[in-house]
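Participant: I'd like to ask some things about the structure below.
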Amino acid sequence: MSQKILLTSREVNIILHRLACQLIENHLDFENTILIGLQPRGRFVAERIKQILEQEYNVKDVPLGFLDITFFRDDFRRSDKPLEANKTQIDFLVENKRVVFIDDVLYTGRSIRSALTAIQSFGRPSSIELLVLIDRRFSRHLPIQPDYRGRQVDAINDEKVMVTWKENEGEDGVYLN
């Protein structure tokens, strides 16, 4: 099967700026808001969003953390290969804060369900929102929807949406395999 380009580097950049603007509209100064990138792939989106907020829109000191959900997943014991956990880095309280989970692709919703369970170890947020670069809207197993979405993609179940980042793969882009 051939690879189809869904978003170019330029389009990814435009979408990230739009998502940052939407966050500013709803959170203004980010005084009570924290961003949490879901490991491993949400980290890249979250770092870019923070960078845009601080450098392009002069939002000061946006708290950013990273949450590993590996052992909170409902399918983590079903794999034959050993799991590789990522590092959770949350150096602040989430108690009574507005949390924005950030991930690259929303597919079945199971990762988000896992993140909702995992974040409870760090306190009880006043609210939780979800920002995703790509929403595979017809693939959901759970009733979870994003509050902020970059692009909706309708992919058949065996098709994979692949997000690449210049920090990791050498270029920004979104592909359908």
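Participant: For residues that are hydroxyl-bearing (Ser, Thr, Tyr) and open to solvent by 50 Å² or more (accessible area, probe 1.4 Å), tally how many sit in the range 33-53. Before you say what the answer is, go through the steps one by one.
Facilitator: First pass over the range 33-53, keeping only residues hydroxyl-bearing (Ser, Thr, Tyr): 33.
Among the residues that remain, those that are also open to solvent by 50 Å² or more (accessible area, probe 1.4 Å) are: none.
Residues flagged as hydroxyl-bearing (Ser, Thr, Tyr) and open to solvent by 50 Å² or more (accessible area, probe 1.4 Å) within the range 33-53 amount to 0.
Participant: If I ask for residues that are modelled with pLDDT under 95 and basic (Lys, Arg), which ones from the range 47-93 would you list?
Facilitator: Lys60, Arg73, Arg77, Arg78, Lys81, Lys87
Residue by residue, here is whether (1) touching a helix residue (DSSP H, G or I) at 6+ places or on another chain (Cβ under 8 Å); (2) part of a loop (DSSP other than H, G, I, E, B); (3) of a type outside the set (D, E, K, R) holds:
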residue: Ile119; (1), (2), (3): no, no, yes
residue: Pro125; (1), (2), (3): yes, yes, yes
residue: Ile128; (1), (2), (3): yes, no, yes
residue: Leu133; (1), (2), (3): yes, no, yes
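Participant: OK, next. Which one is surrounded by the fewest Cβ atoms within 10 Å (Cβ to Cβ), of the residues in the range 87-100 that are in contact with a Pro (Cβ under 9 Å, 6 or more places away or on another chain) and under 26 Å from Arg136 (Cα atoms)?
Facilitator: By that ranking, first place goes to Arg98.
Participant: When only residues in the range 160-175 that are outside any strand (DSSP E or B) and free of Cβ contacts under 8 Å to residues at least 60 places away in the same chain count, which is surrounded by the most Cβ atoms within 10 Å (Cβ to Cβ)?
Facilitator: By that ranking, first place goes to Lys160.
Participant: When you look at Leu106, is it touching a residue at least 12 places away in the same chain (Cβ under 8 Å), crowded, with 19+ Cβ neighbours inside 10 Å, touching a helix residue (DSSP H, G or I) at 6+ places or on another chain (Cβ under 9 Å) and under 20 Å from Val62 (Cα atoms), yes or no?
Facilitator: Working: touching a residue at least 12 places away in the same chain (Cβ under 8 Å): yes; crowded, with 19+ Cβ neighbours inside 10 Å: yes; touching a helix residue (DSSP H, G or I) at 6+ places or on another chain (Cβ under 9 Å): yes; under 20 Å from Val62 (Cα atoms): no.
No, not satisfied.
Participant: Out of curiosity, is Thr164 polar (S, T, N, Q) and farther than 24 Å from Leu23 by Cβ?
Facilitator: For Thr164, the condition - polar (S, T, N, Q) and farther than 24 Å from Leu23 by Cβ - is not met.
Participant: I'm trying to understand the selection: among the residues of the range 96-111, which are modelled with pLDDT of 95 or more and either not in a strand (DSSP E or B) or not basic (Lys, Arg) (or both)?
Facilitator: Let us first name the residues in the range 96-111 that are modelled with pLDDT of 95 or more, namely 96-106.
Hits for the range 96-111 are Asn96, Lys97, Val99, Val100, Phe101, Ile102, Asp103, Asp104, Val105, Leu106.
Participant: Being of a type in the set (Gly, Ala, Ser) and either more than 17 Å from the chain's Cα centre (by Cα) or open to solvent by 90 Å² or more (accessible area, probe 1.4 Å) (or both) is the filter; apply it to the range 1-32 and report the residue that is farthest from Leu93 (Cα to Cα).
Facilitator: Ser2
The values are calculated or read from the model by the stated rules, or taken from the named source; none is laboratory data. What you see is a predicted model, and the numbers here were worked out from it, not measured in a lab. Here the Cβ is made from the backbone with ideal geometry for all residues, glycine too, and neighbour counts use every protein chain on show. SASA here: full protein model, heavy atoms, side chains in, ligands and nucleic acids out. Shrake-Rupley method; radii C 1.70, N 1.55, O 1.52, S 1.80 Å.
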